[in-house]
Structures are given as structure tokens and as C-alpha cells.
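Rule-based calculations on the coordinates, nothing more; no lab input. Because the structure is a prediction, the values reported are computed rather than measured. For neighbour counting, all protein chains shown are included, and Cβ atoms are generated from backbone atoms with ideal geometry for every residue, glycine included.
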Amino acid sequence: MSSRPIGVLDSGVGGISVLKHIHALLPHENLMYVADSKYAPYGNKTPEEITARCMTIADFLIAQNVKALVVACNTATAAAIDAMRETYDLPGLNFPIIGMEPAVKPAAEASKNGIIGVLATVGTLKSAQFAALLESYGRNVKVVTQACVGLVECIERGELDTPETKALIRQYTAPLLAEGADTIVLGCTHYPFVKDAIREIVGEEISLIDTGAAVAKQLKRQLEEKGLLSTSRQKAEVHFWTNSEAENAEQVTEKLWGKHVEEHRL
Ligand code: DGL
């Protein structure tokens, strides 16, 4: 029972940044990662389109007998997590579904000057969930938001520090720096993969915050509470699935995961 895998999904390769935290914290948990890269980016899709994609992937992962789902995507969480919980996390089913949201709360706590910047997708920034997050945790700080159109596509291609990627980062961080933000939230799971490039552009003084580690901890807590933690002491298996049409999809996954992978095609 407890050796069943955990399903992790994202619009593409971004959720691998979360998968790394999960694998580090729970090294005996078998993991199945689905990159919906054919339909990336989600950031400019309607909530209905995103929900339909998430349901399709969730159905696939549930058919693989996963014991829990992690929506490793801020945009998908904002659009689809309520519908997913209504559909799959039925009373008595004991099926945790973990989502994620931009780290506004920790950033507001960490900021020294009370000005925080949030980099995220259009979909996340437009969502009711994000408005509620600002209402709850953004009241005592100034929050400067910036949608990063085109950045997810660069990361999907594995271009983490090309001139084009850096130009986009420069363009999108400039307004945050101009407003004096001392803390920047990486509000999309793709962005931790360009953290070095962001660091190079914004300098050493700015704090960069993402939620990957917090999501892994939340997953562990939920598995513990529901008695679903793996009791195995064996090294876990991590399987990758993608519907990407790019020829170099497997190389990009390998580059981001940092190890050899054999990617299954959806
Ligand atoms: N990785 C996703 C997120 O955390 C979304 C990227 C996209 O497909 O637009 O928001």
C-alpha cells in the first residue's frame, strides 16, 4: 500500500524543481512525474482549459495507482485544485492532493523594507486565489507583481542562461528593483531553474524565495497523518512522463533533474 508512487504534475518541466525537494526529503517514496509540455505554458490559458488538462493528467496518474498527487504548478493550483479535490479527494478516500501558491507570506515576513516583488504567470496573478493571498498576507507590505511572459518557454527549451532568457529576466525584474523590492518571490515552479541568472541580474542583496521545500514538507505531513508514508528502505524509483514534441525533451529533463532519465511518452 505505502509503496505506491506519488504523482507529481506540472504544465511542463518546472515541477521538477519541486520534485527535487520531494525526493531529497522523502528518498524512499516512489515518484511519477508528468510534464504536460505539449500544452505548456498554462499561464495564458483559461482556468477551464487548465482544469481540463489537470483532470486528464490526474486520471492518468490515478490509473498508475498513485497514493497522492502534488500539483507542482502555481498556475494549475490556482485554476484547478478546488475541482481536483472535489473530484478525487472524496471523504473516506484518504487521497491527499497538495497544491502550491506563491510565497507571499514568507516573503512578507522576510522583507526588511516591506517591499516585495512577485514573479509569476499571468494566470496566477489574475486568479482569485492570488487576490486572496494578497488580502491575507500582503496587507502590511507593498507587493509589486510582474508577469513573466515567455520565460517558461525558454526554460522548457532548457535555455537557462542564454542571452534571450537573461534579457527577459532583466526586463521583468527591473520594475521590482525600481520599486525597491528587497525580496522577490519566484511564483512559478519553472523559475528556480533560472535562479542563478536571476541572482546575477538582481545582485546578492535581494532574497529570492520559492515554495518547493515547503511543499515537500507539507506532503510529508499529509502522508504521515494519513498513514501513507512508505516503510520501504529501498532507493525510490522516479519515473518521468512527457507529451513534449521537442526532440531534446529527454535531454532537458536530464539537465534539470541532474541525472540520467529514461522518459516515457504520454
Ligand atoms: N510551472 C507553472 C507554475 O508554477 C506554470 C508555467 C506555465 O505553464 O505557464 O505556475
### Query
How much FRET efficiency would the formula 1/(1 + (r/R0)^6) give for residue 260 and residue 110, where r is the Cβ-Cβ distance and R0 is 25 Å, rounded to 0.05?
0.10
## Note on the structure
Flagged as over-length at 30 Å C-alpha distance, from 126/235; 38/166; 20/105; 226/255; 105/126; 142/259, the pairs are 126/235; 226/255; 142/259
### Message
I'm checking a number: the convex hull volume of the Cα atoms of the range 149-233, normalised per residue, in Å³. What is it?
### Response
142
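Based on the Cα atoms of the chain, what semi-axes does the equivalent ellipsoid have, where each is the square root of 5 times one gyration tensor eigenvalue, given in whole Å with the largest first?
29, 21, 17
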### Principal axes of the range 77-135: Cα extent on each, largest first, Å
46, 22, 17
#### Entry: Helical contribution to [θ] at 222 nm, DSSP H n ≥ 4, -39,500 (n - 2.57), averaged over the chain, rounded to 500
-13000 deg cm²/dmol
### Task
Using only Cα atoms, tell me the angle between helix 16-25 and the longest principal axis of the chain; keep it within 0 to 90° and round to the nearest 10.
60
### Query
Once you charge only the Cβ atoms, +1 for Lys and Arg and -1 for Asp and Glu, what is the size of the charge dipole of the chain about its Cα centre, to the nearest 20 debye?
640
### Query
Per Stokes-Einstein, at 20 °C and 1.002 mPa s, what whole-number D in µm² s⁻¹ belongs to the range 103-198, with the Kirkwood radius over Cα pairs as the hydrodynamic radius?
158
### Message
Give me the one-decimal Kirkwood hydrodynamic radius in Å for the range 220-266, with the sum taken over alpha-carbon pairs.
### Response
13.0
### Query
How many angstrom separate the Cα center of the range 2-26 from the Cα center of the range 153-199?
22
